[in-house]
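A.B. asks: Take a look at this one; I'll ask things after.
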Amino acid sequence: MVEDNINYMISCRNLTKVYNPGKNETLALDHVDLDIDQGEFVAIIGPSGSGKSTLMHIIGALDSPTEGEYLFRDKDVAQFSSQELAYLRRSEIGFVFQSFNLLKRTDVLRNVMLPLVYDETPIKERISKAKESLKAVQIKPERWRHLSNELSGGQMQRVAIARALVNNPALILADEPTGNLDSKTGATIIKMFRRLNEEQGHTIMLITHEEDIAMYANRIITIKDGKIISDKKTQLC
């Protein structure tokens, strides 16, 4: 699914990542080419150590490639200043992690407001945006003042998704978002991602090792030994 002369949200060419160059080096990504368009819901699957999380970290500007080119909206991320990288991570990309990464002794509303604090958004606007984001993931108002560690795993992941949405990012990156949840709750969370994609148009890149979870995406990319070995549309399209 790699094409030239088309403007994609994400475009990677010859993307390579080597950890510990030298005697004990590990090739995590091996000359990967990848395009992701605005509005796609893409699942990246593969066994542990296949390179899928490394790819997500590079696309999320949390890591940089050893070789190759990564363009975000036609801009070379390697040329970004530290301020531009911070803006990209803060405003253009929303992150959802397996372990939720919520502040345990902070209430739900303030957890969701956190990215807006770094963005120096006025307090009234922070509250308004956080409430709208919580409504989007169907967290009821009576839960907004609960501490995050008073919630169930599924509720905590909903709050984490609300936090990822609060800046209305162009791209949502989700790394094993159902990994710490039971199968029923995991299915509810992945259906929520699909709804956000279909109804609100968020571009979503989902990392998972579960094929049944990946099937909710419009496109499944399989990685093995740092290489893309399969890239196909799903029947849900």
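A.B. asks: Would segment 178-198 turn up any residue that is more than 22 Å from N101 (Cβ to Cβ), in a loop (DSSP other than H, G, I, E, B) and touching a residue at least 12 places away in the same chain (Cβ under 8 Å)?
C.D. replies: no
A.B. asks: OK, next. Only one of A136, A174, A130 is farther than 21 Å from R194 by Cβ, buried (at least 17 other Cβ atoms within 10 Å of the Cβ) and in contact with a Leu (Cβ under 8 Å, 6 or more places away or on another chain); which?
C.D. replies: Checking each option against the conditions leaves just A130.
A.B. asks: Could I ask something else about it? If you go through segment 34-64 one residue at a time, how many are closer than 13 Å to I229 by Cβ and either assigned to a strand (DSSP E or B) or of a type in the set (A, V, I, L, M, F, W, C) (or both)?
C.D. replies: Qualifying residue count for the region: 3.
A.B. asks: Identify, from the list L102, L114, L134, the residue that is over 22 Å from T208 (Cβ atoms) and modelled with pLDDT under 95.
C.D. replies: Criteria check complete, one pass: L114.
A.B. asks: Which pairs do you get when a residue that is on the phi > 0 side of the Ramachandran plot, found in segment 36-49, comes within reach of a residue that is hydroxyl-bearing (S, T, Y) and surrounded by fewer than 22 Cβ atoms within 10 Å (Cβ to Cβ), reach meaning Cβ atoms under 7 angstrom, with the pair 6+ apart or on two chains?
C.D. replies: Matching pairs, first to second residue: G39/T203; G46/T222.
A.B. asks: From the list T26, T16, exactly one residue is over 20 Å from I221 (Cβ atoms), touching a strand residue (DSSP E or B) at 6+ places or on another chain (Cβ under 7 Å), surrounded by fewer than 17 Cβ atoms within 10 Å (Cβ to Cβ) and not aromatic (F, W, Y). Which is it?
C.D. replies: T26
Let's see how each residue does on (1) closer than 25 Å to R158 by Cβ; (2) in contact with a Pro (Cβ under 8 Å, 6 or more places away or on another chain); (3) modelled with pLDDT under 95:
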| residue | (1), (2), (3) |
| --- | --- |
| E40 | yes, no, no |
| I45 | yes, no, no |
| S48 | no, no, yes |
| T66 | no, yes, no |
| Q83 | no, no, yes |
| Y87 | no, no, yes |
| L109 | yes, no, no |
| Y118 | yes, no, yes |
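The values are calculated or read from the model by the stated rules, or taken from the named source; none is laboratory data. Since the model is a prediction, treat every value here as computed from it, not as a measurement. Ideal geometry is used to build each Cβ from the backbone, glycine not excepted, and the neighbour counts take in all protein chains shown.
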